[in-house]
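This report concerns only the one structure given below.
The values are calculated or read from the model by the stated rules, or taken from the named source; none is laboratory data. What you are looking at is a predicted structure, and each value in this text was computed from that prediction instead of being measured. Don't worry about glycine lacking a Cβ; one is built from the backbone with ideal geometry, like all the others, and counts go over all protein chains shown. Protein only, heavy atoms only, side chains kept; ligands, DNA and RNA dropped before computing areas. Shrake-Rupley method; radii C 1.70, N 1.55, O 1.52, S 1.80 Å.
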Amino acid sequence: MASVNVDENSAKDVSIEIKPPAQIEAGTYKIPVVAATNSMTSQLDLTVVITGSYGMDLTTPNGLLSTKITAGDKKQVELVIRNTGSAPLEDIKLTSSKPSDWEVTFDPKAVIRIEPGKKATVQATVKASKNAIAGDYVTKFTAKTPEASSNAEFRMSVRTPMILGGMGILIILVALGSVGFLFRKYGRR
């Protein structure tokens, strides 16, 4: 409540400052403003439009951002998009930044809407290059709307297929067997 002295047949400008609570929902609100004297009262309804705040978090259900994959194979990664703002997130597009010759697909490719405080789940399918050598690779997932975005960098530890290790062992055994056969056949000379 504030008071202002206004002379007869004159006008005064009054400023009104409105501070909404931090987690107020987006929407339209009416705020009544009353000017009163001892003999008369006048009321004006101000309309305030709260657009809300936008925020999102992209992660996995357990927060773990690493996995193992075999060269040439596919791996399913479950991603969770959380709306951390007070306004709905709409038309959320998913993209990835991946090593060359890798493939990433999303199901669904986009999320239509997430209400404040809610989450949506997306399956990312990552296919490692068949020529990938053993080691760690980074795949960056991005969820984006015009108002907000979030990234998750996922570490993929590539293992070589077991068949290559088996072939290596087989070649060594054949070589040792050949040397043993030659020693028996020709002896020491």
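Would you mind getting the Kirkwood hydrodynamic radius of segment 51-115 from its Cα pairs, rounded to one decimal in Å?
Values: mean 1/r = 0.0722 Å⁻¹.
Every distinct Cα pair counted, the radius reaches 13.8 Å.
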Checklist entry - In the Gaussian network model of the chain, springs joining C-alpha atoms below 10 Å, which of 11, 71, 128 carries the largest mean-square fluctuation? => result 11
Checklist outcome for this item: Once 122, 104 are ranked on solvent-accessible area with the largest value leading and a 1.4 Å probe, the list reads 104, 122
Checklist entry - By accessible area of protein heavy atoms, probe 1.4 Å, what ranking do 50, 171 get, highest first? => result 171, 50
Checklist entry - Given +1 on the Cβ of Lys and Arg, -1 on the Cβ of Asp and Glu, and no further charges, what dipole in debye does the chain carry about its Cα centre, rounded to the nearest 20? => result 2380
Item to check | Estimated vicinal HN-Hα couplings, Hz - segment 71-78 in sequence order (Karplus 6.51, -1.76, 1.60; Gly, Pro = x) | outcome: 3, x, 9, 10, 9, 8, 10, 8
Checklist outcome for this item: The helix 162-186 Cα axis meets the longest alpha-carbon principal axis of the chain at an angle in degrees, between 0 and 90 and rounded to 10, of 10
Item to check | For the chain, share of DSSP beta bridges that run antiparallel, in % to the nearest 5 | outcome: 90
Item to check | With all protein chains modelled, accessible area of residue 147 [1.4 Å, Å²] | outcome: 90
Checklist entry - Can you give the three extents of the C-alpha atoms in the chain along their principal axes, from longest to shortest, in whole Å? => result 131, 27, 25
Checklist outcome for this item: Applied in sequence order to segment 12-20, the curve 6.51 cos²θ - 1.76 cosθ + 1.60 (Karplus, θ = phi - 60°) yields integer Hz couplings, x standing for Gly and Pro, of 9, 7, 10, 9, 10, 10, 10, 10, x
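Going from most exposed to least, what order do 47, 60, 70 have by accessible area with a 1.4 Å probe?
Numbers: 47 75, 60 10, 70 30 Å².
Descending accessible area places them as 47, 70, 60.
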Checklist entry - What shape does segment 13-106 take by its C-alpha gyration tensor, where a ≥ b ≥ c are the square roots of the eigenvalues and a/c under 1.5 counts as rounded, a/b above b/c as prolate, and the rest as oblate? => result prolate
Checklist outcome for this item: For the chain the mean separation of alpha carbon contacts under 8 Å (6+ apart) over residue count, i.e. relative contact order in percent, is 20
Checklist entry - Rounded to the nearest 10 Å², what accessible area does residue 65 show when all protein chains are kept and the probe is 1.4 Å? => result 60
Checklist entry - Cross-link list 68/93; 75/144; 19/109; 109/130; 68/119; 30/109: which exceed 30 angstrom alpha carbon to alpha carbon? => result 19/109; 30/109
Checklist outcome for this item: Given backbone amide H placed at 1.01 Å from N, residues whose amide H is under 5 Å from that of residue 154, ignoring those fewer than 5 places away on the same chain, are 139, 140, 141
Checklist entry - Per-residue accessible area for residue 176 at 1.4 Å probe radius, Å² rounded to 10? => result 110
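Can you pull the percent of Cα pairs in segment 80-189 with separation above 20 Å?
Taking all Cα-Cα pairs of segment 80-189, the fraction more than 20 Å apart is 60 percent.
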Next on the checklist: Cut-off 10 angstrom, C-alpha nodes, Gaussian network model of the chain. Which of 92, 16, 114 fluctuates the most?
Outcome noted: 16
Checklist entry - trypsin sites (Lys or Arg not before Pro), restricted to segment 1-100: which are DSSP loop and have at most 10 other Cβ atoms within 10 Å? => result 12
